[in-house]
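What follows is one structure encoded as structure tokens, with my remarks underneath.
The values are calculated or read from the model by the stated rules, or taken from the named source; none is laboratory data. Only a predicted model underlies this, so the values are computations on that prediction, with no experimental measurement involved. Neighbour counts are summed over all protein chains in view; Cβ atoms, including those assigned to glycine, are modelled from backbone coordinates with ideal geometry. To get the accessible areas, we keep the full protein, side chains included, count just its heavy atoms, and leave off ligands, DNA and RNA. Shrake-Rupley method; radii C 1.70, N 1.55, O 1.52, S 1.80 Å.
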Amino acid sequence: MTDTPRLAPIATEGRDPRTAELLASLRFDPDGPDLNLFATLAHHPRLLKRWSAFGGLLLAGGVLPARDREVLILRTAANCGAHYEWGHHVGIGRAVGLTDAEIDALAGPGAAEVDDTLVRAADELHADAEISDDTWAELAARYDAAQLVEVPMVVGQYHLVAFTLRSLRIQPEDGGTPIPGLDS
């Protein structure tokens with residue numbers, strides 16, 4: 001990945017008041033900096049507002065267990081080579097109970113040992129845009145209808161994020177964790 005973003009994050013002094021308010025609402029720390037992802041997507045504030053509501057629902061208000069959601073997200077980030085996405089979700093994964101060994105495994109061929117069914121679902125969606133009947137049956141034995149809807153939505157949402165991050169060449173904030181075994 002090159003170090004040059006295709007679109008630079010909008011600088012604080014270049015924001016109209018509504019965009020500044022929107023970005024302030026997306027900060028994890030009210031006094032902290034804006035994430036490069038959000039400050040870049042602020043070039044299209046209406047889209048950022050609507051997308052962030054959808055992504056926020058999946059991330060903070062979804063019905064999948066948080067650990068399962070993070071397995072899907074980390075595997076998707078690895079499948080897409082999205083270092084920025086990976087780096088942000090390593091800490092979230094730890095916070096919801098994934099070990100460092102499990103997180104590292106999600107980057108490579110040992111991922112199935114973390115959760116074979118979820119990894120297969122993410123991999124099948126990545127490769128074929130569909131979950132196979134066998135994997136679906138395993139998911140259906142484990143989740144209710146709302147959770148089943150959410151599985152491909154989470155993977156799809158984080159594909160969208162990965163495609164955007166990589167295409168716009170959004171740079172990780174300082175201290176981001178790259179995907180193990182994958183060159184930046």
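Couple of notes before you dig in:
- Filter result for E173 (in contact with a helix residue (DSSP H, G or I) (Cβ under 8 Å, 6 or more places away or on another chain), more than 18 Å from G62 (Cβ to Cβ), touching a residue at least 12 places away in the same chain (Cβ under 8 Å) and in a loop (DSSP other than H, G, I, E, B)): yes
- Failed condition for I10, given (1) at pLDDT 95 or above; (2) open to solvent by less than 50 Å² (accessible area, probe 1.4 Å); (3) of a type outside the set (D, E); (4) closer than 26 Å to R94 by Cα: (4)
- Among the residues making up segment 139-151, those that are open to solvent by 80 Å² or more (accessible area, probe 1.4 Å) and either of a type in the set (D, E, K, R) or over 19 Å from A66 (Cβ atoms) (or both) are A141, R142, D144.
- Just one residue in the set A129, A77, A111 is surrounded by 19 or more Cβ atoms within 10 Å (Cβ to Cβ) and over 14 Å from the mean Cα position of the chain (by Cα); that residue is A111.
- Look at segment 56-69: where a residue is surrounded by fewer than 16 Cβ atoms within 10 Å (Cβ to Cβ) and a partner is charged (D, E, K, R), sitting 6+ places away or on another chain with Cβ atoms under 6 Å, you get V63/E150.
- Verdict on P152 being assigned to a loop (DSSP other than H, G, I, E, B) and in contact (Cβ under 8 Å) with a residue 24 or more places away in the chain: no
Results for (1) open to solvent by 90 Å² or more (accessible area, probe 1.4 Å); (2) touching a residue at least 12 places away in the same chain (Cβ under 8 Å); (3) small (G, A, S), shown as yes or no for each residue.
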residue: D3; (1), (2), (3): yes, yes, no
residue: R6; (1), (2), (3): yes, yes, no
residue: R15; (1), (2), (3): no, yes, no
residue: R18; (1), (2), (3): yes, yes, no
residue: D29; (1), (2), (3): no, no, no
residue: P33; (1), (2), (3): yes, yes, no
residue: N36; (1), (2), (3): no, yes, no
residue: A42; (1), (2), (3): no, yes, yes
residue: L47; (1), (2), (3): yes, no, no
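- Checked against (1) buried (at least 17 other Cβ atoms within 10 Å of the Cβ); (2) without any contact (Cβ under 8 Å) to a residue 24 or more places away in the chain, D123 passes all but condition (2).
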